[in-house]
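Peer 1: Attaching a single structure in structure tokens format; questions to follow.
The values are calculated or read from the model by the stated rules, or taken from the named source; none is laboratory data. Note that the coordinates shown come from a computational prediction; the quantities given were computed from them, not determined experimentally. Every residue, glycine among them, receives a Cβ derived from its backbone with ideal geometry; neighbour counts consider all protein chains shown.
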Amino acid sequence: MTQSQQIIDLKGMTLDELEAFAQRLGEPRYRGRQIAHWLYQRGATSFAEMTDLPAALRARLTTDAVFTSLSSVTALAADGGDTMKYLLRLADGATIETVFMRYQDGRRSVCISTQVGCGMGCTFCATGLAGLTRNLSAAEIIDQVLLVHRTTGERVTNVVFMGMGEPLANYEATLRAIRLLSAPYGLGIGMRHLTVSTVGLVPQIRALASERLQLTLAVSLHAPTDDLRSQLVPVNRKWPVAELLDASGEYVRQTGRRISFEYVLMKGVNDTPELAAILGELLRARAGGMVADDAPPAGIPVGESHGELPQGGRSGYAFHVNLIPWNPVYGLQYQRPDRERVAAFVQGLRERGIPTTVRLERGVDIDAACGQLQRTHGATAPGNPNPGLAGSGRSAETRERGSATGKGTANTIAKHSG
Ligand code: SAH
Ligand code: SF4
């Protein structure tokens, strides 16, 4: 396949588009549905597998069309295989990360990337350090989920857009991916089981709100004041905290869905009791502007959450705060706060009635330790012969530090992936 201008990538197409494509080939429209079934539900990796298509059509597709099918360069396991972290190679040689997590309650969650690198420059994030290489296509976004299915054989129940990149900076492809992930003819994952995390691109949050989709929005807040947030999250200079909260309120009002405010805690930077108080007051003052149909209960216990909000209950609050102790990133000077400081921050929010969760440190949770694996890919690690697979010797300390948003936990295991 070298005549790329003639070659069409079928993955990433909607059912309508596939049906129209079939018709252009002089085939009945229902061939489009058959192709969708093979691409999105059966996870086919070649046209030859599409056995209910006529042989002549399969031959023609083989010459005239392609579909994205990512390959895994490295797969690292933790916690007996309940967490798998993949480094995937794209057609142009770029690499991205995807993380699969298996939970006791039956959830099978995949954390996916939307860009190669990221241009947002958050000062604490491994992905941000590298800058943006390019956007992923919708096919590359959804194939991360399909690849997990291909390699584990397990049905994915939840998808979080918390890997590399800023989903809303790649708006069109992200929206298309959301539709394909949730469509009954697509991967069939309920919209309520999808979570998109954004650094806070206000116009795109408003655009997404107007789509009125039932997905969960996670907003990366990280600081309650503009001074501090601008230091940590450069886009705050363009869309300050008040505007971000306005847009978040609009999202809640338009969709009836709750928002999760993500807050990465860095010791001595944004984890002080004073800031907990400011954040608590700020959100409390905003609560009236954020009213959803299915607000979460107040005082959600500390527990695991990966952008998927705890279910049930009504407290009047249409949001909650999810605290994420910062995960070390090689080359960055921030520190992870100790448990006492985290607990004090939780307390400061709860005293003000703000539903708060903490992303627990669990060995299995190298969730979205994105950026770090790729950053260190190929690097040698003197004195670190651990192959990094299947719990095979990640140190207790590493396990201890592993956490659900990862974003750095792979620095110990990644060095073997070259
Ligand atoms: N770009 C989007 C989604 C990807 S980042 C966003 O920023 O929201 C997903 C989450 O991981 C964000 O909340 C981000 O702040 C967080 N994160 C980034 N680096 C981290 C680190 N080193 N430790 C813990 N969380 C981190
Ligand atoms: Fe990009 Fe999100 Fe990392 Fe910020 S935290 S640099 S937006 S991936």
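Peer 1: Condition first: more than 16 Å from ligand 2 (Cβ to nearest atom) and part of a helix (DSSP H, G or I). Now tell me which residues in region 166-183 satisfy that.
Peer 2: Within region 166-183, Glu172, Leu175, Arg176, Ala177, Ile178, Arg179, Leu180, Leu181, Ser182 meet the criteria.
Peer 1: Residues Val110, Val156: which one is touching a residue at least 12 places away in the same chain (Cβ under 8 Å), part of a loop (DSSP other than H, G, I, E, B), touching a helix residue (DSSP H, G or I) at 6+ places or on another chain (Cβ under 6 Å) and at negative phi?
Peer 2: Matching residue, one of Val110, Val156: Val156.
Peer 1: Sticking with this one: Given the structure, is Ala22 among the hydrophobic types (A, V, I, L, M, F, W, C), assigned to a helix (DSSP H, G or I), over 29 Å from the mean Cα position of the chain (by Cα) and exposed (fewer than 12 other Cβ atoms within 10 Å of the Cβ)?
Peer 2: no
Peer 1: Determine if region 144-157 includes at least one residue that is within 11 Å of ligand 1 (Cβ to nearest atom) and surrounded by 20 or more Cβ atoms within 10 Å (Cβ to Cβ).
Peer 2: no
Peer 1: May I ask you to list the residues in region 46-80 that are more than 28 Å from Glu166 (Cα to Cα) and either small (Gly, Ala, Ser) or part of a loop (DSSP other than H, G, I, E, B) (or both)?
Peer 2: If the condition is that a residue be more than 28 Å from Glu166 (Cα to Cα) and either small (Gly, Ala, Ser) or part of a loop (DSSP other than H, G, I, E, B) (or both), then Ser46, Ala48, Met50, Thr51, Asp52, Leu53, Pro54, Ala55, Ala56, Ala59, Ala65, Gly80 are the ones that fit.
Peer 1: Please tell me if Thr68 is among the polar types (S, T, N, Q), at pLDDT below 95 and in contact with a helix residue (DSSP H, G or I) (Cβ under 8 Å, 6 or more places away or on another chain).
Peer 2: For Thr68, the condition - among the polar types (S, T, N, Q), at pLDDT below 95 and in contact with a helix residue (DSSP H, G or I) (Cβ under 8 Å, 6 or more places away or on another chain) - is met.
Peer 1: Here's a follow-up. May I ask you to list pairs of residues, at least six apart or on different chains, whose Cβ atoms are under 6 Å apart, with the first in region 246-267 being under 17 Å from Arg192 (Cα atoms) and in the same structural domain as Leu283 (by TED's automatic domain parsing) and the second being within 14 Å of ligand 2 (Cβ to nearest atom) and in a helix (DSSP H, G or I)?
Peer 2: Filtered contacts from region 246-267: Tyr251/Ile205.
Peer 1: For region 86-107, how many residues meet the condition of being outside any loop (DSSP other than H, G, I, E, B), in contact (Cβ under 8 Å) with a residue 40 or more places away in the chain and more than 16 Å from ligand 2 (Cβ to nearest atom)?
Peer 2: From region 86-107, those outside any loop (DSSP other than H, G, I, E, B) are 86-89, 95-102; that's our starting set.
Filter once more, so that each one left must be in contact (Cβ under 8 Å) with a residue 40 or more places away in the chain: 86-88, 95-102.
Keeping just the survivors that are more than 16 Å from ligand 2 (Cβ to nearest atom) gives 86-88, 100-102.
Residues in region 86-107 being outside any loop (DSSP other than H, G, I, E, B), in contact (Cβ under 8 Å) with a residue 40 or more places away in the chain and more than 16 Å from ligand 2 (Cβ to nearest atom): 6 in total.
Peer 1: For region 120-153, what are the residues that are within 21 Å of Leu332 (Cα to Cα), under 16 Å from the mean Cα position of the chain (by Cα) and in a helix (DSSP H, G or I)?
Peer 2: Ala126, Thr127, Gly128
Peer 1: Anything in region 37-70 that is under 21 Å from Thr152 (Cα atoms) and touching a residue at least 24 places away in the same chain (Cβ under 8 Å)? List them, or say none.
Peer 2: His37, Leu39, Tyr40, Gln41, Gly43, Thr45, Phe67, Thr68, Ser69, Leu70, listed by residue number.
Peer 1: Just one of (1) modelled with pLDDT of 95 or more; (2) of a type in the set (Ser, Thr, Tyr); (3) within 14 Å of ligand 1 (Cβ to nearest atom) trips up Thr127, so point out which.
Peer 2: Of the numbered conditions (1) modelled with pLDDT of 95 or more; (2) of a type in the set (Ser, Thr, Tyr); (3) within 14 Å of ligand 1 (Cβ to nearest atom), the odd one out for Thr127 is (1).
Peer 1: From the list Thr133, Thr152, exactly one residue is within 15 Å of ligand 2 (Cβ to nearest atom) and assigned by TED's automatic domain parsing to the domain that holds Leu88. Which is it?
Peer 2: On the way: Thr152 fails: within 15 Å of ligand 2 (Cβ to nearest atom).
Within the list Thr133, Thr152, the selection yields Thr133.
Peer 1: Let me ask something else. Any idea which of (1) within 16 Å of ligand 2 (Cβ to nearest atom); (2) at negative phi; (3) modelled with pLDDT of 95 or more is the one Gly163 doesn't satisfy?
Peer 2: Condition (3) is where Gly163 drops out.
Peer 1: Turning to a different aspect of this structure: Could you check how many residues of region 268-314 are modelled with pLDDT of 50 or more and either crowded, with 21+ Cβ neighbours inside 10 Å or in a loop (DSSP other than H, G, I, E, B) (or both)?
Peer 2: 14
Peer 1: Kindly indicate whether Arg179 is in contact (Cβ under 8 Å) with a residue 40 or more places away in the chain, more than 19 Å from Ala75 (Cα to Cα) and of a type in the set (D, E, K, R).
Peer 2: yes
Peer 1: Based on what the data block shows, is Asn158 assigned by TED's automatic domain parsing to the domain that holds Phe261 and either among the charged types (D, E, K, R) or under 26 Å from Arg42 (Cα atoms) (or both)?
Peer 2: Values: assigned by TED's automatic domain parsing to the domain that holds Phe261: yes; either among the charged types (D, E, K, R) or under 26 Å from Arg42 (Cα atoms) (or both): yes.
Considered against the rule, which asks whether it is assigned by TED's automatic domain parsing to the domain that holds Phe261 and either among the charged types (D, E, K, R) or under 26 Å from Arg42 (Cα atoms) (or both), Asn158 comes out as yes.
Peer 1: Confirm whether Gly80 is under 20 Å from Thr151 (Cβ atoms), at pLDDT below 95 and surrounded by fewer than 16 Cβ atoms within 10 Å (Cβ to Cβ).
Peer 2: Considered against the rule, which asks whether it is under 20 Å from Thr151 (Cβ atoms), at pLDDT below 95 and surrounded by fewer than 16 Cβ atoms within 10 Å (Cβ to Cβ), Gly80 comes out as yes.
Peer 1: Residue by residue through region 207-230, note down the ones that are crowded, with 16+ Cβ neighbours inside 10 Å and closer than 18 Å to Glu166 by Cα.
Peer 2: Listed by number, the residues that qualify are Leu208, Ala209, Leu215, Thr216, Leu217, Ala218, Val219, Ser220, Leu221, His222, Arg229, Ser230.
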